[in-house]
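Asks: The structure follows.
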Amino acid sequence: MEILFTTEGMIALLTLATLEIVLGIDNLVFLSIVTARLPPHERPSARRFGIALACVTRILLLLSLSWLASMTHDVFLQFSVRDLVLIIGGLFLLVKATMEIHSEVEGADEGDSSTRPAASYWGAIFQIAIIDIVFSLDSVITAVGMVNNVPIMVTAILISVAVMLLAANPVANFIERRPTLKMLALSFLILVGVALIADGFGFHIPRAYLYFAMAFSSGVEALNILVRKRIERAQVDGE
């Protein structure tokens with residue numbers, strides 16, 4: 001633990017914690033989308049439960065480094081366990097995001113999204129648990145590649161989880177109140193799903209490209225929101 005209090009250890013911790021927070025963005029978006037179907041009073045606890053699952057999964061993977069290393073060995077044709085997990089997780093994301101987009105489009109005439117059928121609490125937790133494994137695998141492998149020190153990696157994960165806990169409800173509420181942002185978030189999950197499948201087949205797509213695309217789209221949508229508000233204020237003043 002002494003390494004945490006050295007300059008080198010602090011720099012490594014800060015770098016890794018920042019990376020873990022960035023890698024947690026897709027997890028947070030998925031969490032927001034899945035829990036949006038739950039009754040309002042169940043959403044906060046489901047988000048906390050989902051983030052706790054992510055924390056436990058990542059720490060367990062870190063404490064099983066030798067097993068984690070064996071996941072890169074081919075077990076089926078030329079695919080390793082890691083490849084299969086990424087492919088299955090990517091397909092799951094594609095199916096889930098596509099179904100949600102279809103539901104949003106088909107339900108557009110229904111008005112309030114609260115009229116949509118509610119999801120099962122434990123069904124949502126099960127979906128979160130599945131995708132947590134995929135995102136945790138990606139996150140932990142990145143962490144091991146950067147810092148081969150378990151205390152630093154565990155501390156970085158705990159910091160990122162704390163940030164996710166603080167951001168989960170505001171991010172989810174912000175997305176839920178703005179249908180166009182929710183559609184962007186679902187499109188982002190499709191991009192992540194495609195990237196995971198590509199990784200499973202040995203074609204790595206840098207995650208920074210995906211984050212840039214999402215940030216650019218969100219920036220454009222932010223400008224659209226400002227324009228709509230200005231038009232609404234002008235209409236109110238005109239009346």
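The values are calculated or read from the model by the stated rules, or taken from the named source; none is laboratory data. Quick caveat: nothing in here was measured; it's all calculated off a predicted structure. All Cβ positions, glycine included, derive from the backbone under ideal geometry; neighbour counts span all protein chains shown.
Here is a yes/no grid of residues against (1) modelled with pLDDT under 85; (2) out of contact with any Ser or Thr (no Cβ under 9 Å at 6 or more places or on another chain); (3) exposed (fewer than 13 other Cβ atoms within 10 Å of the Cβ):
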residue	(1), (2), (3)
2	yes, yes, yes
13	yes, no, no
29	no, yes, no
66	yes, yes, yes
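Asks: Then there is this: With of a type outside the set (Ser, Thr, Tyr), part of a helix (DSSP H, G or I) and within 30 Å of residue 78 (Cα to Cα) as the only criterion, which of 174, 212, 188 stands out? Lay out the reasoning, then the answer.
Replies: Working: 174 fails: within 30 Å of residue 78 (Cα to Cα); 212 fails: within 30 Å of residue 78 (Cα to Cα).
Answer to the check: 188.
Asks: Just to verify a result, which residue in segment 211-221, among those that are of a type outside the set (Gly, Ala, Ser) and in contact (Cβ under 8 Å) with a residue 24 or more places away in the chain, is nearest to residue 19 (Cα to Cα)?
Replies: My answer is 211.
Asks: With the requirement that a residue be under 20 Å from residue 98 (Cα atoms) and at pLDDT below 85, what does segment 183-212 give you?
Replies: Correct list: 210, 211.
Asks: Going by what's in this entry, would residue 237 be described as among the acidic types (Asp, Glu) and either under 14 Å from the mean Cα position of the chain (by Cα) or at pLDDT 85 or above (or both)? Quick ask: steps written out before the conclusion?
Replies: On the way: among the acidic types (Asp, Glu): yes; either under 14 Å from the mean Cα position of the chain (by Cα) or at pLDDT 85 or above (or both): no.
Considered against the rule, which asks whether it is among the acidic types (Asp, Glu) and either under 14 Å from the mean Cα position of the chain (by Cα) or at pLDDT 85 or above (or both), residue 237 comes out as no.
To keep it simple, each residue is scored yes or no on (1) surrounded by 15 or more Cβ atoms within 10 Å (Cβ to Cβ); (2) closer than 22 Å to residue 104 by Cα; (3) free of Cβ contacts under 8 Å to residues at least 24 places away in the same chain; (4) out of contact with any Phe, Trp or Tyr (no Cβ under 8 Å at 6 or more places or on another chain).
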| residue | (1), (2), (3), (4) |
| --- | --- |
| 186 | yes, yes, no, yes |
| 193 | yes, yes, no, no |
| 199 | yes, no, no, yes |
| 203 | no, no, yes, yes |
| 223 | no, no, yes, yes |
| 229 | no, no, yes, yes |
| 232 | no, no, yes, yes |
| 235 | no, no, yes, yes |
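Asks: Would it be correct to say that residue 137 is within 22 Å of residue 89 (Cα to Cα) and either at pLDDT 85 or above or not acidic (Asp, Glu) (or both)?
Replies: yes
Asks: Continuing with this model, one more query. Being crowded, with 20+ Cβ neighbours inside 10 Å and within 11 Å of residue 161 (Cα to Cα) is the filter here, so list the residues in segment 38-52 that pass it. Steps first, please.
Replies: So the first thing to find is which residues in segment 38-52 are crowded, with 20+ Cβ neighbours inside 10 Å, and the list is 38, 43, 46-47, 50-51.
Of everything in segment 38-52, those that are crowded, with 20+ Cβ neighbours inside 10 Å and within 11 Å of residue 161 (Cα to Cα) turn out to be 50, 51.
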